[in-house]
Amino acid sequence: MSTDLTPPTARSDAERGEPKPKVKAATVWLDGCSGCHMSFLDIDERLIELAQHIDMVYSPLVDPKQFPDHVDVALVEGAVSSEEDLEKIKRIRKHTSILIAFGDCAVTANVPSMRNSFSVKDVYQRGYFETATRRAGVPDQVVPKLLPQARPIHEYVPVDVFLQGCPPPADVIYGLLTDLLAGRKPNLTEHTRFGR
Amino acid sequence: MTVPPARIRTLTIDGKDVGAREDETILDVARENGIWIPTLCQMTGLSNIGACRLCLVEVAGSTKLQPACVTRVEEGMQVTAHSDRLAEYRKMIVELLFAEGNHICSVCVTNGHCDLQWLAQRLEIDHIRFPYLYGKRSVDASHERFVLDHNRCVLCTRCVRVCDEVEGAHTWDIMGRGTNARVITDLAQPWGESTSCTSCGKCVSVCPTGALFEQGKAVTEMVKHRELLPMLLTMRGRQR
Ligand code: SF4
Ligand code: SF4
Ligand code: SF4
Ligand code: FES
């Protein structure tokens with residue numbers, strides 16, 4: 001019999017010997033180069049430690065095809081650039097508690113926005129005709145239609161945390177996640193900025 | 001015997017008592033006393049024009065904000081250089097510069113060495129709350145040594161002033177109004193065809209952003225030589 005007199009409800013999950021429910025996390029890849037995801041993987045062996053607290057429920061790194069109905073924290077990389085991106089970000093916002101704009105493309109539209117001073121017609125002309133070596137033509141299947149411009153996520157849906165950087169340094173991503181797991185909201189501008 | 005009029009003024013900045021010469025600006029005195037006020041268009045050695053409004057401060061008795069770089073000290077002045085209101089306005093000014101130009105720091109020649117980028121970080125800007133304009137702006141690479149990229153120009157006119165006041169060439173000017181305003185060389189001819197430019201590079205070294213840079217510089221490679229102007233003016237004995 002246990003000699004501990006503290007009532008179970010006054011003890012933490014860990015003290016009760018019960019595992020704390022894991023945080024449901026997602027990472028999403030919109031119009032970006034995946035550099036932010038690479039930087040996430042650069043957390044290296046600390047990923048094992050994070051994995052004890054996090055359940056990765058949706059990501060290019062795992063299997064599910066549909067964004068789940070409830071996610072605690074989502075890291076969204078990339079600008080909103082196509083009709084598909086727009087649908088995705090709306091669904092993500094609806095089903096996510098803490099939405100993180102992950103990296104400069106998500107925060108500022110960054111490199112994808114370099115097409116914005118041209119019309120979509122001119123962009124298609126350049127990408128699918130002038131530089132095509134065979135089968136010139138705009139694809140009408142699989143590849144989603146471009147929106148008139150690539151724009152940052154927060155211009156479409158509210159964002160909770162802005163994580164700048166191209167890509168954000170691995171240490172800053174790790175610091176942010178551990179802070180969030182501990183219930184703290186860090187001041188990220190101390191550690192990163194546009195273009196870092 | 002008549003006593004010469006006092007040449008010293010006493011005032012407070014953020015509650016701190018400070019003394020100043022009567023011909024000094026609030027910014028001068030703040031700097032002498034280690035009080036940081038953000039600036040962008042101001043550059044020691046060039047005339048002060050009060051264009052960017054980042055240095056706005058509150059002066060007791062006036063509801064109008066005053067630009068510290070062009071406001072002379074006065075006896076008994078009570079200056080507030082840091083308040084929530086000022087911090088908010090300063091953030092907004094920098095955010096508007098980002099929203100108006102096309103600043104893509106990750107692929108910029110001055111990434112890591114840029115005053116605008118540094119200010120954004122220092123003022124704790126983590127995103128731009130205003131919709132980006134994504135205007136069409138051109139790049140002039142016609143000069144054999146330098147490049148002008150309008151996408152990164154914040155219209156501080158440091159280039160205009162250094163070329164006029166220090167080099168004496170007056171190659172630069174401003175054309176147009178509002179969001180259409182642009183720096184131009186000579187009568188809006190390509191820089192490379194300028195007959196007044198001596199290719200001295202002073203404009204490039206004082207430009208706070210990646211708008212002016214040396215040919216051939218890649219991302220992060222353009223480091224500005226900020227020490228050149230004070231050194232040059234000291235050697236000429238004309239430190240303003
Ligand atoms: S000039 Fe400065 S703010 Fe603009 S893109 Fe370059 S580094 Fe960024
Ligand atoms: S290189 Fe010298 S002369 Fe030419 S525009 Fe710049 S400051 Fe003026
Ligand atoms: S080119 Fe550079 S120095 Fe000249 S106005 Fe633009 S930002 Fe200022
Ligand atoms: S620094 Fe005073 S207005 Fe620009």
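The values are calculated or read from the model by the stated rules, or taken from the named source; none is laboratory data. No experiment lies behind these values; they were computed from the predicted model shown. A quick note on method: Cβ atoms are made from the backbone with ideal geometry, for glycine too, and the neighbour counts reach across all protein chains shown. Just the protein is used for accessible areas: all its heavy atoms, side chains included, with ligands, DNA and RNA removed. Shrake-Rupley method; radii C 1.70, N 1.55, O 1.52, S 1.80 Å.
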Quiz item: Going through region B:1-105, which chymotrypsin sites (Phe, Trp or Tyr not before Pro) have at most 10 other Cβ atoms within 10 Å and a DSSP loop state?
Solution: B:Trp36
Quiz prompt | Restricting region B:3-81 to GluC sites (Glu not before Pro) in coil, as DSSP defines it, with at most 11 other Cβ within 10 Å | solution = B:Glu75
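Scanning chain B for helices, which whole DSSP H stretches are 15 Å or more long along the axis (Cα) and average -1.0 or more by Kyte-Doolittle? Could you put the intermediate results ahead of the total?
Working: long enough: B:84-100 (24 Å, 0.01).
Helix filter hits for chain B: B:84-100.
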Quiz item: Mind listing the Cα extents of chain A along all three principal axes, in Å, largest one first?
Solution: 78, 35, 30
Exercise. Largest first and to the nearest Å, give the Cα extent of the protein assembly as shown along each principal axis.
Key: 99, 74, 38
Self-check item: Three-way shape label, region A:23-71, alpha-carbon gyration tensor, a/c 1.5
Solution: oblate
Exercise. Go through A:Ile173, B:Ile104 and list them by solvent-accessible area, largest first, probe radius 1.4 Å.
Key: B:Ile104, A:Ile173
Quiz item: How many Cβ atoms of partner chains, on average, are near each residue of B:93-102 if near means within 10 Å of its Cβ?
Solution: 1
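Fully extended, how many nm does the chain gain between B:His170 and B:Ser83 (0.36 nm per residue separation, minus their Cα-Cα distance)? Spell out each step's value before the answer.
On the way: separation 87, 0.36 × 87 = 31.32 nm, distance 3.89 nm.
Extending this stretch completely gives an extra 27.4 nm.
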Quiz item: Quick one: how many Å² of B:Cys105 are accessible to a 1.4 Å probe, rounded to 10?
Solution: 20
Quiz item: How about B:Lys16: which lysines have a C-alpha closer than 22 Å to its C-alpha, ignoring those fewer than 8 places off in the same chain?
Solution: B:Lys64
Self-check item: chain A, dipole about Cα centre (Lys/Arg Cβ +1, Asp/Glu Cβ -1), debye to the nearest 20
Solution: 600
Quiz prompt | Neighbouring partner chain Cβ atoms per residue of B:104-117, average, 10 Å criterion | solution = 4
Exercise. Whole number in Å², please: accessible area per residue of region B:36-159, 1.4 Å probe, ligands, DNA and RNA not counted.
Key: 42
Exercise. Kindly identify residues of region A:85-109 having a loss of at least 20 Å² in accessible area between the isolated chain and the assembly of all protein chains, probe radius 1.4 Å.
Key: A:Thr108
Quiz item: Tell me, which residues of region B:119-160 get at least 50 Å² less accessible area when the other protein chains come in, versus the chain alone (1.4 Å probe)?
Solution: B:Gln121, B:Asp126, B:His127, B:Tyr132, B:Tyr134, B:Lys136
Quiz item: Hey, can you list the residues from region A:170-196 whose accessible area shrinks by 20 Å² or more with all protein chains present, relative to the chain by itself (probe 1.4 Å, no ligands or nucleic acids)?
Solution: A:Asn187, A:Thr189, A:Arg193, A:Phe194, A:Gly195
Self-check item: A:Lys121/A:Asp63 FRET efficiency (R0 45 Å; Cβ-Cβ; nearest 0.05)
Solution: 0.75
Quiz item: Which order do A:Ser82, B:Ser142 take by accessible area at a 1.4 Å probe, largest first?
Solution: B:Ser142, A:Ser82
Quiz item: Of the residues A:Pro152, A:Pro169, A:Pro60, which exhibits the maximal mean-square fluctuation in a Gaussian network model of chain A defined by a 10 Å Cα contact cut-off?
Solution: A:Pro60
Quiz item: Under the Kirkwood approximation applied to all pairs of distinct alpha-carbon atoms, what is the hydrodynamic radius of region B:83-214 in Å?
Solution: 15.5
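Determine the share of the protein assembly as shown's accessible area contributed by carbon and sulfur atoms, expressed in whole percent, with a 1.4 angstrom probe.
Carbon and sulfur atoms account for 54 percent of the accessible area of the protein assembly as shown.
Taking the Cα centre of the protein assembly as shown as origin, sum charge times position over the Cβ atoms of Lys and Arg (+1) and Asp and Glu (-1), and report the length of that vector in debye to the nearest 20.
Roughly 800 debye for the protein assembly as shown.
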Quiz item: Just counting partner chain Cβ atoms within 10 Å, what average do the residues of peptide A:153-162 show around their Cβ?
Solution: 2
Practice problem: Assuming a ≥ b ≥ c are the square roots of the Cα gyration tensor eigenvalues, decide whether region B:147-233 counts as rounded (a/c under 1.5), prolate (otherwise, with a/b larger than b/c) or oblate. | Solution: rounded
Exercise. Beyond 29 Å, what share of the Cα-Cα pairs of chain B is found? Please give it as a whole percent.
Key: 34
Quiz prompt | Inter-part distance where region B:32-85 and region A:29-55 are each reduced to a Cα centre, Å | solution = 45
Quiz item: What is the Cα coordinate range of region A:104-150 on the first, second and third principal axes, sorted by size from largest, in whole angstrom?
Solution: 35, 21, 16
Practice problem: Tell me the GluC sites (Glu not before Pro) within region B:106-212 that lie in a loop according to DSSP and have at most 11 other beta-carbon atoms within 10 Å. | Solution: B:Glu144
Quiz item: Sorted by accessible area with a 1.4 angstrom probe, largest first, how do B:Glu95, A:Glu84 fall?
Solution: A:Glu84, B:Glu95
Quiz item: How long is the gain from B:Glu24 to B:Glu75 if the chain were fully straight, where each residue apart is worth 0.36 nm and the alpha carbon distance is subtracted?
Solution: 17.2 nm
Practice problem: Could you go through region A:103-114 in sequence order and give the Karplus-derived ³J(HN,Hα) for each residue, using 6.51 cos²θ - 1.76 cosθ + 1.60 with θ = phi - 60°, rounded to whole Hz, and x for Gly and Pro? | Solution: x, 4, 5, 6, 7, 10, 6, 6, 4, x, 6, 5
Quiz item: Which whole-angstrom value gives the distance between the alpha carbon centres of region B:167-181 and region A:81-126?
Solution: 35
Quiz item: With each pseudo-label sitting 7 Å past Cα toward Cβ, what's the B:Asp14-A:Lys185 distance in nm, one decimal?
Solution: 2.5
Quiz item: Computed on protein heavy atoms with a 1.4 Å probe, what is the summed buried accessible area for the chain pair A and B, in Å² to the nearest 100?
Solution: 1900
Practice problem: Assign unit charges at the C-beta atoms only (+1 for Lys and Arg, -1 for Asp and Glu), then state the dipole size of region B:124-190 relative to its Cα centre in Debye, rounded to the nearest 20. | Solution: 340
Practice problem: List the residues whose amide H sits under 5 Å from the amide H of A:Asp55, counting only those 5 or more places along or on another chain, with H placed 1.01 Å from N in the peptide plane. | Solution: A:Val23, A:Lys24, A:Ala25
